[in-house]
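Q: Quick one: the structure is below, and I'll ask about it shortly.
No lab work stands behind these numbers, since they all come straight from the coordinates. Everything numeric here is computed off the predicted structure, so don't read it as measured data. Glycine gets a Cβ as well: all are built from the backbone with ideal geometry, and neighbour counts include every protein chain shown.
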Amino acid sequence: MSDYKDAIPGYKETIERIHNLEENNPVPYNYWAETAKVINEYHPKRLQLRVSEIIAETATSKTLRLVSTDGYLPPFQAGQYINLFVDIEGITTSRAFAISSSPNTLNHYDLTIRKIKDGFISQYLVNDVQVGQEFISTGPMGNFYYNPIYQSKNVVFLAGGSGVAPAMSMIRELVENGDDKTITLIYGSMNLDDIIFKNELDQLANEHSSVRVEYVVTNPPENYQGYRGFISADIIQDILEAPEDNTFFVCGPQIMYGFAEAELRKLNIKRRNIKFEANGPPSDPSQEPGWPEDVNKTKKVKVTVTGGKSFETEAGEPLLNALERNGIVMESACRSGECSLCRCKVVKGEVFEPKQAHVRKSDKQYGYVHSCVTFAVGDIDIEIQ
Amino acid sequence: MPNQNPLTTAGVDYDVIVVGAGNAGLTAAASFARSGVKTLLLERHNIPGGCATSFARGRYEFEVSLHQLSGVGTEDQPGPLRQMFGQLGILDKISLHGESSIYRAVIDGALDVSIPADWEEAQNVLCVEFPEEREGIRRFFKLMDTMTIESFGVSKLLHSEEGIRAAYQQFPTFMKYGLTSAEKVLNEHFRSPELKYALTVYWGYLGVPLHDTSFQDLAMTLWAYIKTKPYYIEGGSQALSNAITDSFTEAGGEIRFNCQVEQILVKDGQAYGVRTEHGEEITAKVVFCNFSPITSYSTLIEPEQVPQDAIKDLSSRTAGVSATTLYMGLDCEPEDIGITQATTMIGANADVDEQYRRAKTLEPAGYVGFTCYNFADPTAAPKGGANASLIALQYADPWLKLSPRDYAKEKYRYADSMLKLLEKTYPQIRGHIEEAEVATPLTAMRYLNTPRGSIYGFDMKLTEHRLVRENENHIQGLYHAGTWTTTQGYQPTLQAGCTMARRILRTFA
Ligand SMILES: Cc1cc2nc3c(=O)[nH]c(=O)nc-3n(C[C@H](O)[C@H](O)[C@H](O)COP(=O)(O)OP(=O)(O)OC[C@H]3O[C@@H](n4cnc5c(N)ncnc54)[C@H](O)[C@@H]3O)c2cc1C
Ligand code: FES
């Protein structure tokens, strides 16, 4: 053809190669379908779930066993959660729940939920949900899982209340796979009858030398023989021979975190050996360091969405919740400041963001926030792009 | 300042819809908006940048893809990228830091040399290290210089027979070596496999083995990094993506996130808009795609509207390499464990062909690139810590064959093999990891929706060279720019968006 190029060294051979390729692959491959398949198998955006069984665990907690309406559930790593969408009282909102079943069992996910006094969603899920009811959720997410590349094979779980759910998933996986790990669960509860999974935990600890379970009870009966109070450095020290050789996973109510962190520090546990599970927005942001002193958390503030509506909320309410209450549904998953799905831009006004907001440095420069852990401390204008 | 709108928008929603907010999509969108063109930018993710993004884990923010930015140059001698940043109005929004060395090249027990980012010094260092090959080193550098300068000059001549005939006379080095492999030229100059390796560890930035890489690509890559120095941006590539986005919206551009385009609307050979995942049809005079033309022609355009030429052109091109990356937050200063510069390129041996072969398997990595961001960005890690990443080229193919259930296990096993190779150079690193995350080719598929998770576009074999292929427009009003239309990497893609936008703006005028 274009022989004026023939004098270029390598030209003829390369053109020849191109022609051969054209003949051998007449149609370009459908990569779009291939990618869609990967996303559906690994990280589907939404799961359609049905409650197949409800297991009463304690007086205040239940396990909802969820199956997929289309039969497929994606894999997850023990410790991950799904974000469950709930419509109640005309509001669409969502909450994250760790999966308590084993990652080996992918015909259902178990969510073990404890109702929180005055809790909006947890009360509903524990009291009102019926077998057969359907839900939508995100796929499994979160970074609270074991990483064999650098973490110690000796894992210690400090769990409080329903924080035992991800530990349960990890323990179940360990005994099923027979890994060379060990897990010590140190599990704090307010009362003896608040302990979730007690029978199964006792049995697993009995049958498997790799599993050890110790309970710490805050208000035990007088004759109680076990550990009392909260999970303290003394108790941890008493249970573990060499605490510094372990990787610690901490999961429980918010008040437990500051306490556990201080106790682990007393034991000289390095930061790299401690993992904290995400745990929702601060229940009282005005107690967080950096909250403006002159602002009361009940202060009325006005939020204006550029090109959208305006509404009033209280300074102490997370922006994401306020948006949802006003019918504006944003993507969200962790509701703890970590995943960035609820990212939006504050174009005017003052906000408070607690330390747990993991906002990218350059996002801060342009006023982007994670709305799930952002509090308007005055009137604000935001942009949802 | 935005100029007056050179277009009339009668009958359409926008002048231009840019689909995809990766490097080229962003620079194109900003160029359009700053020229007063009514522009809509659509992005399927919830943040701009595509590959040029970051994510937070614990106390660290991990850079997804930027290792070294070429083409920036100094304030006194600005390179093309710095000039472009000026034109886009973002120079005062970002903070750039240069490095004094391009990389430390290591083969355990056989090679350990740091190449300075200075044309003369780089040669001197290599001459000291390989004294018996002095003459070859000088000749090779001279040839790289000539090749690069001729490559810039020859561009405008390549589109016509007349031009090509002139090029034989005016740009003889380009014509002679353009379709010659890097391997062949290296063999003509050097004997030592280690010396060759020291000059080709950037093969990882090219993504194909040296016998199928044009000497031109190797020469231009080394030339760009050594002459204009590797740069890094404070806050990482996200800072760049956010800055361009800001410049775009300041100029009146509109952006929508979480908005995947599922159809490109075409009628009678003319693109006139897009349909989004939300079912909305938006019309425009120009649809500018920042993703692969394979996606457009194989999926997003109705088959009867797809020209045969486009199909034929694509059928001879293959989706290129992706990567597995281990992102690490360390609980020590880099110097505490012997890291003294930003970039270390490590080969298990000097055999690039073998390293490339492994990129198609899940066998232990034979080649890794290590970046410690502290050196180029003082804010990259919390005080007393370090921010680092370790990358191995990988094709998606072996990952696609896994059962999803085995994925996590394989991912850690593979990352472990990468870390083991790194530990030969920095033995204490594993014990200092505080946060770690692994991304595989499947991760790139998920976040970028790119064929086979390719991070470099098509495999940049000799069959992609400008002398044998032109990127043509098959449909009126439909354009593509990004890693699938140019050589891979930040500088080429950032420039490709701007260049293509300028070309389109000229057709408006
Ligand atoms: C081009 C590119 C862009 C990236 N952009 C981002 C980004 O915007 N945000 C970000 O956080 N990371 C991003 N990353 C990094 C990437 O998320 C991590 O490397 C990732 O955690 C590894 O993902 P994986 O697909 O291997 O998932 P997995 O190993 O399955 O999971 C690990 C991570 O993905 C999430 N995750 C895990 N399982 C699921 C699931 N089933 N469904 C949903 N999420 C799950 C978790 O949050 C966790 O971070 C990017 C990486 C690349 C290469
Ligand atoms: S929902 Fe995850 S950061 Fe807000």
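Q: Order of B:315-328, B:271-284 by packing, highest average Cβ count within 10 Å first?
A: Details: B:315-328: 24.5, B:271-284: 17.1.
Result, highest mean Cβ count within 10 Å first: B:315-328, B:271-284.
Q: Using Cβ contacts closer than 10 Å as the measure, can you line up A:GLU261, A:GLU244, B:GLU150 from fewest to most? Let's see the in-between values first.
A: Details: A:GLU261 15, A:GLU244 12, B:GLU150 21.
Arranged by neighbour count, lowest to highest, A:GLU261, A:GLU244, B:GLU150 become A:GLU244, A:GLU261, B:GLU150.
Q: Could you check the simple spin-label distance between B:GLN83 and A:PHE120, using points 7 Å along Cα→Cβ, in nm with one decimal?
A: 5.6 nm
Q: State the extension gain, in nm to one decimal, for the chain segment bounded by A:ASN223 and A:THR105, taking 0.36 nm per residue of separation less the distance between their alpha-carbons. Please report the intermediate quantities before stating the final value.
A: Working: separation 118, 0.36 × 118 = 42.48 nm, distance 3.96 nm.
Length difference between fully extended and current span is 38.5 nm.
Q: Let's test the formula: R0 of 51 Å, r as the Cβ-Cβ distance of B:GLU162 and B:THR283. What FRET efficiency results, to the nearest 0.05?
A: Details: r = 40 Å, r/R0 = 0.78.
Approximately 0.80, to the nearest 0.05.
Q: If you don't mind, there's one more thing I want to ask. So the label point goes 7 Å from the Cα of A:GLU53 along Cα→C-beta, right? Which residues of the stretch A:123-152 then have their backbone N under 15 Å from it?
A: What the label zone holds, given the 15 Å backbone N cut-off, is A:131-132.
Q: Tell me, what is the FRET efficiency for A:LYS12 and B:ASP336 to the nearest 0.05, using R0 = 60 angstrom and their Cβ-Cβ distance as r? The partial results should precede the final answer.
A: Details: r = 57 Å, r/R0 = 0.94.
The value I calculate is 0.60.
Q: Along the charge dipole of chain A, which of A:GLY71, A:TYR150, A:VAL211 sits closest to the positive end, that is, farthest toward it, with unit charges on the beta carbon of Lys, Arg, Asp and Glu (+1, +1, -1, -1)?
A: My answer, from the dipole projection, is A:TYR150.
Q: Starting from the 7 Å offset along Cα-to-Cβ, what nm value, one decimal, do you get for the label separation of B:GLU410 and A:LEU21?
A: Label-label distance for B:GLU410 and A:LEU21, simple model: 2.6 nm.
Q: What residue among B:THR249, B:GLN238, B:LEU265 has its Cα farthest toward the positive end of the dipole of the stretch B:213-278, where the charges are +1 on Lys, Arg and -1 on Asp, Glu, each on the Cβ?
A: Projecting each Cα onto the dipole axis, the largest value belongs to B:GLN238.
Q: On to the next question. Under 15 Å Cα to Cα from A:LYS275, which aspartates and glutamates show up? Leave out anything in the same chain fewer than 8 places away.
A: A:LYS275 reaches A:GLU244, A:ASP245, A:GLU261, A:GLU263, A:GLU338, B:ASP331, B:GLU434, B:GLU435, B:GLU437.
Q: Straight-line reach from A:LYS115: which aspartates and glutamates have Cα under 14 Å away, leaving out those fewer than 8 places along the same chain?
A: A:GLU57, A:ASP128, A:ASP194
Q: Continuing with this model, one more query. For helix A:11-24, report the angle its Cα long axis makes with the longest principal axis of the Cα atoms of chain A; keep it between 0 and 90° and round to the nearest 10°.
A: 60 degrees
Q: Under the 0.36 nm per residue contour assumption, what length would be gained going from the current alpha-carbon distance of A:GLU288 and A:ASP234 to full extension? Show your work: numbers first, answer last.
A: Details: separation 54, 0.36 × 54 = 19.44 nm, distance 2.73 nm.
Difference between extended and current length: 16.7 nm.
Q: Relative contact order of chain B, please, whole-number percent, based on alpha carbon pairs below 8 angstrom and at least 6 residues apart. Write down the numbers at each step before the final one.
A: On the way: 1064 pairs, mean separation 118.9, N = 509.
Taking the mean separation of contacting Cα pairs over the length of chain B, I get 23 percent.
Q: Treating the beta-carbon of each Lys and Arg as +1 and of each Asp and Glu as -1, no other charges, what is the dipole magnitude of the stretch A:81-216 about its Cα centre, to the nearest 20 debye? Write out the running numbers ahead of the final one.
A: Values: 9 positive and 16 negative charges, 66 e Å.
Computed about the Cα centre, the dipole is about 320 debye.
Q: What size of dipole, in debye to the nearest 20, comes out for the stretch B:268-353 about its Cα centre when the only charges are +1 on Lys and Arg C-beta atoms and -1 on Asp and Glu C-beta atoms? Write out the running numbers ahead of the final one.
A: Details: 4 positive and 14 negative charges, 80 e Å.
Roughly 380 debye for the stretch B:268-353.
Q: Also: Picking from B:SER101, B:LEU66, B:GLY11, whose Cα lies most toward the positive end of the charge dipole for the stretch B:1-129 (charges on Cβ: Lys, Arg +1; Asp, Glu -1)?
A: B:GLY11
Q: What list of ³J(HN,Hα) values in whole Hz, one per residue of the stretch B:387-397 in order, does the Karplus curve 6.51 cos²θ - 1.76 cosθ + 1.60 (θ = phi - 60°) give from phi, with Gly and Pro shown as x?
A: In residue order, the calculated couplings are 10, 9, 9, 10, 10, 10, 5, 8, 7, 6, 3 Hz.
Q: For a 24 Å ceiling on Cα separation, which of these pairs sit above it: A:LYS270/B:LYS383; B:LYS424/B:LYS461; B:LYS229/B:LYS420; A:LYS153/B:LYS401; A:LYS297/A:LYS348; A:LYS309/A:LYS345? Please list the in-between numbers first.
A: On the way: A:LYS270/B:LYS383 15 Å; B:LYS424/B:LYS461 32 Å; B:LYS229/B:LYS420 30 Å; A:LYS153/B:LYS401 29 Å; A:LYS297/A:LYS348 20 Å; A:LYS309/A:LYS345 15 Å.
Beyond 24 Å: B:LYS424/B:LYS461; B:LYS229/B:LYS420; A:LYS153/B:LYS401.
Q: Moving on. Place a +1 charge on the Cβ of each Lys and Arg in chain B and a -1 charge on the Cβ of each Asp and Glu, then give the dipole magnitude about the Cα centre in debye, rounded to the nearest 20.
A: Its charge dipole is roughly 740 debye.
Q: Another one. From the phi of every residue in the stretch A:369-374, what ³J(HN,Hα) in whole Hz does the Karplus formula 6.51 cos²θ - 1.76 cosθ + 1.60 yield, where θ is phi - 60° and glycine or proline is x?
A: Running phi through 6.51 cos²θ - 1.76 cosθ + 1.60 with θ = phi - 60° gives 9, 9, 4, 5, 10, 10 Hz.
Q: While we're here: Determine the relative contact order of the stretch A:287-341: mean sequence separation of Cα pairs under 8 Å and six or more apart, normalised by residue count, in whole percent.
A: Values: 41 pairs, mean separation 12.4, N = 55.
Reported as a whole number, the value is 23 percent.
Q: Let me ask something else about it. Across peptide B:52-58, how many C-beta atoms of other chains are within 10 Å of each residue C-beta, on average?
A: Numbers: counts 0, 2, 5, 5, 12, 3, 8.
For peptide B:52-58, the averaged partner shielding equals 5.
Q: What percent does the relative contact order of the stretch B:163-232 come to when contacts are Cα pairs within less than 8 Å and at least six residues apart? If you can, show how the numbers build up before the last one.
A: Details: 45 pairs, mean separation 26.3, N = 70.
Rounded, it is 38 percent for the stretch B:163-232.
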